[in-house]
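Undergrad: What follows is a single structure, and I will ask about it in a moment.
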Amino acid sequence: MNPFTINPLAALIAAALIAATGFGAGWQTNGWRLNGQIAEAKAATAEDARQRAETAATDMAVAAKKVNDAAGGARADVARVLEKLSAIDRRYKDAKPTPLPPDCAPDAVRVRYLTEAAAAANDAIAGSEPGR
């Protein structure tokens, strides 16, 4: 018996072990590659979501400023209308009662006050400053 002869069964087992080890190494390497691709895709998705959230937050801040500015303008308009109506109310209260003429028509001052009051009320309803 030659000491350098290889048992065919041992050679087959060795070849099978080498093939299995190669297959396992390839499988593991492919898994690492795929895990890297998945991690990159998740990072890209997270970055995209972060950018969209940042853009939405900026848009909301701009919209909130516009709403706040509009509300400030509306408050100023309401204050002007209330001021005009208050002045008209004071004039009514300060007016000396005079009897209506016999033909029951209001005098020129009363007509002017009524006209101003109606104009202020119409402006308030329309949402604009009186006298614009």
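The values are calculated or read from the model by the stated rules, or taken from the named source; none is laboratory data. Not measured: the values here are computed from a predicted model. For neighbour counting, all protein chains shown are included, and Cβ atoms are generated from backbone atoms with ideal geometry for every residue, glycine included.
Undergrad: All but one of (1) of a type outside the set (D, E, K, R); (2) surrounded by 10 or more Cβ atoms within 10 Å (Cβ to Cβ); (3) without any contact (Cβ under 8 Å) to a residue 40 or more places away in the chain; (4) in a helix (DSSP H, G or I) hold for Ile125; state the number of the condition that does not hold.
TA: (2)
Undergrad: Something else about it: If I filter segment 94-114 down to residues being free of Cβ contacts under 8 Å to residues at least 24 places away in the same chain, not in a loop (DSSP other than H, G, I, E, B) and not small (Gly, Ala, Ser), which single residue comes out as surrounded by the fewest Cβ atoms within 10 Å (Cβ to Cβ)?
TA: The selected residue is Asp94.
Here is a yes/no grid of residues against (1) in a helix (DSSP H, G or I); (2) at pLDDT 90 or above; (3) surrounded by 10 or more Cβ atoms within 10 Å (Cβ to Cβ); (4) not hydrophobic (A, V, I, L, M, F, W, C):
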| position | (1), (2), (3), (4) |
| --- | --- |
| Phe4 | no, no, no, no |
| Leu9 | yes, no, no, no |
| Ala16 | yes, yes, yes, no |
| Thr21 | yes, yes, yes, yes |
| Ala25 | yes, yes, yes, no |
| Gly36 | yes, no, yes, yes |
| Ala76 | yes, no, yes, no |
| Tyr92 | yes, no, yes, yes |
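Undergrad: Within segment 58-72, identify whether any single residue is of a type in the set (Val, Ile, Thr) and over 30 Å from Ala124 (Cα atoms), and answer yes or no.
TA: The answer is yes; a qualifying residue exists.
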